[in-house]
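Visitor: I'd like to ask some things about the structure below.
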Amino acid sequence: MVTTHNLGFPRIGSKRELKFALENYWKKQTTRQDLFTTSAEIRSRHWLHQSKLDYLPVGDFSLYDQVLDMSFTLGHIPDRVRHGDGDALDQYFRVARGRSANDSDCSCVRAGEMTKWFDTNYHYIVPEFTTDTTFALNPERLLAQLQEAQESGFKTKPVLIGPLTYLWLGKTKDGSDKLALLPTLLKEYAALLELLGSKGVEWVQIDEPILVTELAPTWKDAFSRAYQVLENHSIKILLATYFGQLQDNLSLVCSLPVDGLHLDALSSRNEVKTLVKEWPSDRVLSLGVISGRNIWKTNLHATLAWLEPIHRELGDRLWIAPSCSLLHVPVDLTHEHKLDSEILSWLSYAVQKLDELNTLAIGLNKGRVAVQDQLVSNFASVDKRLKSNRVNNPSVKASVHNIRESMGKRQSPYHARSALQAAKLKLPAFPTTTIGSFPQTSALRLARSQFKSGEIDHTAYVQTMQNEISYCVEQQEQLGFDVFVHGEAERNDMVEYFGEQLDGYAFSQNGWVQSYGSRCVKPPILYGDISRPRAMTVQWTTFAQSLTKKPMKGMLTGPVTILNWSFVRDDQPRSVSCYQLALAIREEVLDLEKAGVQIIQIDEAALREGLPLRKSEWHEYLNWAVESFRITANGVGDETQIHTHMCYSEFNDIIASIADMDADVITIETSRSDMELLDAFDHFNYPNDIGPGVYDIHSPNIPTQEHMVQLMQQAAGRIPSDRLWVNPDCGLKTRQWSEVIPALKNMIAAAKTLRAQVTS
């Protein structure tokens, strides 16, 4: 009999219950017991959703981030937090966001660095290592969740981030070798496995996704050593990989003393045949056959046809599961009441994916006749989507075919056009700006909701948005900014807003997924060929410009970010969809320029996010991603200044490709990572202007003027000061005005101090 299991489940709740519980707790509107009660209710409900599985995951639920959870389980807490007031929960939130609910001081501690979880839009808190790092097992969180599930009668499989992946995800703060910490780290893992075995656990899932990356020989050797230490006869280890192919690590994996292996069979289908032959005959092989990252229905007929011979060969040794944790998809499709019925019939969220998994298991165990109705219904949906004329637009396909190389080139090189821009804009040294959005108040969200539901008419909606734009412009005038933004009052999300106005996109009502902590996003659904029927931002930008003599940036989201932050179609290459988006956003850029907008920012926050996990595959992706940006941006004249923005990812190793984008100004995250990005400029002469973010907007802490001056002085040590801008790390929509105003005052004061230093 085939065995079913799951690698992880979304933790936010189908209606974002965890988000609201966290934010209410942080605001001191509820108690920590209220937070714990809501968390337990979510876990219980989600375990019920998974109750048909042979094994369901435990420990995948987190109040903020699973990597941070692993740090606390291992007793690995930064010194700046370890000795503060309060208990473990206070420490936890200080690392996560710089403050606990009990901190009254807005400058508590520096939050942990945050970056992307492999090639997803999920952010994790980066572990920090030094030569003196120690570990001390603290398993209470995991044991409490295990007890909850066991007492409810569920057959459980605890989930752990593996020791090698945990080290690989972290950063050393003193240049030491992370692998030197492995022996002491393994002692804690071994003790944890023994403890779980004593609690009646049969299987534990240990996630080692770095096995789909290119590993140095020292890391491969470390895998062999580590799993010899962790080999434990009282508990079985399911080694889990996902997001890619094993390739040169396949033989290494086969040699490890584990009891089972999970393979993302959607990413590495060509490796399954080899594994079936080479995998030891006394071990389990788990195949991830349902996408954990996209929301299209699985073709159950085709998947069964592929699995049936594998099942005949492996028998009881075959397990099936989603490809990875379902963290990356929404919870339950039954909460969607407004989606177009045809498109709805093409989709599958986490709960429905487990239903698909169950159908596959029954089909394998009992034969297709036992699931004939489900197979017929599924095939009809899958086939209808492939043949739908809503998906394919011949004119859009022709436009992509007609893209010319000249469309991606500016008229003049940077040094020539920067002189023209300087003469036109007349900006001071260290010009100040923000990234685009200002705080999204409850009144704004209510107005957007009322307009969508028909409670207020278009005139009332526009007036509300214009009032907010006027307020944002007024605040920037008072603060003394050099380049303004309109504040994006009308935008619910930087991707969804544009997708709503493009043909080829659909939108969910409750398709929320977690980005980090309490931050949730609702990715639009890219189901067909993309085109722009009308201008999307011009009216708001020109209205804002009419209120000030300062230059007003037009704010757009770039094609690569729109692509990477959407649920994308799987019936054509991602590059083709990206080129379609590039052509659509290019039209908006040209309309903004025609309307007199002198500065246009095209955000590409997710450029690195789509980067393949193996460097050998980077070139192809970066070629079409950078070309897409250039097609979008480079139809303008030399006097129009093009900005782009990137945040919370690792950019040092692709800095040359970022330079190839040829944006006049790039604003980029640096404050939470201690200006680490600047190391790239020791060996690379970045040619254009750059604004290294000095205000960490993902924390409620208010940075001091002195701190921001210090960060910019570090930047000026690597980049000529006449090419430096002063700005926050990211948009301000998630912050409160009470935090934003004092922080921006300090930022403007920092810029004035820097100017005085340059002229003195």
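The values are calculated or read from the model by the stated rules, or taken from the named source; none is laboratory data. For clarity, every value in this text was computed on a predicted model and none was experimentally measured. For neighbour counting, all protein chains shown are included, and Cβ atoms are generated from backbone atoms with ideal geometry for every residue, glycine included. These area figures cover heavy atoms from the full protein model, side chains too; ligands, DNA and RNA do not enter into them. Shrake-Rupley method; radii C 1.70, N 1.55, O 1.52, S 1.80 Å.
Visitor: Debye sum, Cα scatterers, the chain, no solvent: what log₁₀ I/I(0) at q = 0.05, 0.08 1/Å?
Guide: Here log10 of I(q) over I(0) equals -0.25, -0.67.
Visitor: As an exercise, use a Förster radius of 30 Å and the Cβ-Cβ distance of Arg80 and Asp679 to find the FRET efficiency, rounded to the nearest 0.05.
Guide: Plugging the Cβ-Cβ distance into 1/(1 + (r/R0)^6) gives 0.85.
Visitor: What number comes out for the charge environment of Gly244, summing +1 per Lys or Arg and -1 per Asp or Glu over other residues with Cβ under 14 Å away?
Guide: -4
Visitor: Here is a further query. Between the stretch 119-143 and the stretch 650-670, how many Å separate their Cα centres?
Guide: About 29 Å separates the Cα centre of the stretch 119-143 from the one of the stretch 650-670.
Visitor: Compute the Rg to Rh ratio over the stretch 161-224 from the alpha carbon atoms, using the Kirkwood formula for Rh, and round to two decimal places.
Guide: That ratio is 1.01, to two decimals.
Visitor: For helix 88-97, report the angle its Cα long axis makes with the longest principal axis of the Cα atoms of the chain; keep it between 0 and 90° and round to the nearest 10°.
Guide: Long axis of 88-97 versus the principal axis of the chain: about 50 degrees.
Visitor: Below 8 Å between Cα atoms, with a sequence gap of 6+, how large is the relative contact order for the chain in percent?
Guide: 13 percent.
Visitor: A further question on this structure: Length gain on complete extension for the stretch Ser176 to His619, per 0.36 nm per residue less the alpha carbon to alpha carbon distance?
Guide: 156.5 nm
Visitor: Taking the Cβ-Cβ separation of Glu477 and Ser198 as r and a Förster radius of 41 Å, what is the calculated FRET efficiency to the nearest 0.05?
Guide: Working from the Cβ atoms, E equals 0.05.
Visitor: Apply 1/(1 + (r/R0)^6) to the Cβ-Cβ distance of Arg755 and Ser412, taking R0 = 25 Å, and write down the FRET efficiency to the nearest 0.05.
Guide: For Arg755 and Ser412, the calculated efficiency is 0.30.
Visitor: Determine the distance separating the Cα centre of the stretch 551-582 from the Cα centre of the stretch 12-54; give it in Å without decimals.
Guide: Spelled out, the Cα-based centre of one part sits 33 Å from the other.
Visitor: Using only the Cα atoms of the stretch 82-129, each taken as one equal point scatterer with no solvent, compute I(q) by the Debye sum, divide by I(0), and report log10 of the ratio at q = 0.16 Å⁻¹.
Guide: Reported log10 I(q)/I(0), two decimals: -0.48.
Visitor: Still on this model: For the stretch 1-154, take every pair of Cα atoms, bin their distances at 5 Å starting from 0, and report each bin as a whole percent.
Guide: The percentages, shortest bin first, are 2, 8, 16, 20, 20, 17, 10, 5, 2, 1, 0, 0.
Visitor: Using per-residue counts of other Cβ atoms within 10 Å, averaged over each peptide, order 711-719, 560-568 from highest down.
Guide: The densest-packed peptide leads the list: 560-568, 711-719.
Visitor: On a C-alpha basis, how far is the centre of the stretch 283-350 from the centre of the stretch 354-395 in Å? Whole number, if you could?
Guide: A separation of 10 Å, based on Cα centres.
Visitor: Related question: With each label point set 7 Å from Cα along the Cα-Cβ vector, what nm distance links Arg269 and Thr37?
Guide: Computed distance between label sites Arg269 and Thr37 equals 4.9 nm.
Visitor: Something else now. By how many degrees, 0 to 90 and rounded to 10, does the Cα axis of helix 442-453 deviate from the longest principal axis of the chain?
Guide: The two axes meet at around 80 degrees.
Visitor: Related question: Stretch Arg225-Thr334 to full length: gain in nm at 0.36 nm per residue minus the Cα-Cα span?
Guide: Gain in length upon complete extension: 34.6 nm.
Visitor: Still on this structure, I have one more. Mind pulling the per residue volume of the convex hull built on the Cα atoms of the stretch 303-446? Å³ is fine.
Guide: Convex hull of Cα atoms, per residue: 297 Å³.
Visitor: Keeping all protein chains in place and using 1.4 angstrom, which order do Arg574, Arg269 fall into by accessible surface area, from largest down?
Guide: Arg269, Arg574
Visitor: Using only C-alpha positions, report the orientation-averaged shadow area of the convex hull of the stretch 93-178, nm², one decimal.
Guide: Mean shadow area of the hull around the Cα atoms is 8.4 nm².
Visitor: In nanometres, what is the gap between the two model label sites at Arg534 and Glu342, each 7 Å from Cα along Cα-to-Cβ?
Guide: A separation of 2.2 nm, rounded to one decimal place.
Visitor: Once you have the Cα-Cα distance between Ser152 and Asp373, take 0.36 nm times their residue separation minus that, and quote the gain in nm to one decimal.
Guide: 76.3 nm
Visitor: Same structure, new question: In a solvent-free Debye calculation with one equal scatterer on each Cα, what is log10 I(q)/I(0) for the stretch 590-717 at q = 0.09, 0.14, 0.17, 0.21 Å⁻¹, listed in the order of the q values?
Guide: With one equal scatterer per Cα and no solvent, log10 I(q)/I(0) is -0.29, -0.69, -0.97, -1.27.
Visitor: I need to check one value: relative contact order of the stretch 676-760, counting alpha carbon pairs closer than 8 Å and at least 6 residues apart, in percent.
Guide: Relative contact order for the stretch 676-760 comes out at 39 percent.
Visitor: Can you give me the long-range amide H partners of Ile161? Hydrogens built in the peptide plane at 1.01 Å from N, cutoff under 5 Å, separation of 5 or more residues or another chain.
Guide: Those lying under 5 Å, H to H, from Ile161 are Asp207.
Visitor: Okay, helix-only estimate at 222 nm for the chain: each DSSP H run of n ≥ 4 adds -39500 (n - 2.57), divide by all residues, round to 500 deg cm²/dmol; what do you get?
Guide: So the helix-based figure for the chain works out to -13000 deg cm²/dmol.
Visitor: Using +1 at the Cβ of each Lys and Arg and -1 at the Cβ of each Asp and Glu in the chain, identify which of Thr734, Val538, Met712 lies farthest towards the dipole's positive end.
Guide: Of the candidates, Val538 comes out farthest on the positive side.
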